[in-house]
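Contents: one structure, followed by commentary.
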Amino acid sequence: MRLKCTACGYGAMSEGFLDDSGQGSRRYTRWISGPLKRGIFGGATLRGRLKQPLAAFRCDRCSHVDLYVHGT
């Protein structure tokens, strides 16, 4: 499947990834199902939620970035 940029329609997208290096990070960005709910210490509650890695594609023409969830 060839992706097209959702901003300008160009047909060349370069694959990359987003690195999450914040405090307590697992070093990659994930999509979490459902609305944000915070726990007692202010962090997001993740137990029992679907978690999937993200793929990032940057348009070779306009540099717009599109994110897609990798299927399981």
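The values are calculated or read from the model by the stated rules, or taken from the named source; none is laboratory data. Computed from a predicted model, the values in this text were never measured in an experiment. Glycine also receives a Cβ, built like all others from the backbone with ideal geometry; neighbour counts cover every protein chain displayed. For accessibility, only protein heavy atoms count, side chains too; no ligands or nucleic acids. Shrake-Rupley method; radii C 1.70, N 1.55, O 1.52, S 1.80 Å.
Some observations on this one:
- Restricting attention to segment 43-63 and to residues that are part of a strand (DSSP E or B) and charged (D, E, K, R), the residue that is most open to solvent (accessible area, probe 1.4 Å) turns out to be Arg58.
- Within segment 30-42, considering residues that are in contact (Cβ under 8 Å) with a residue 12 or more places away in the chain and in a loop (DSSP other than H, G, I, E, B), the one least open to solvent (accessible area, probe 1.4 Å): Ser33
- Residue among Asp20, Asp66, Asp60 that is modelled with pLDDT of 90 or more and under 15 Å from the mean Cα position of the chain (by Cα): Asp66
- Scan of segment 4-29 for residues that are of a type in the set (A, V, I, L, M) and part of a loop (DSSP other than H, G, I, E, B), ordered by number: Ala7, Ala12, Leu18
- Positions within segment 1-29 being open to solvent by less than 60 Å² (accessible area, probe 1.4 Å) and either touching a residue at least 12 places away in the same chain (Cβ under 8 Å) or of a type in the set (Ser, Thr, Tyr) (or both), in sequence order: Leu3, Cys5, Cys8, Ala12, Met13, Ser14, Gly16, Ser25, Thr29
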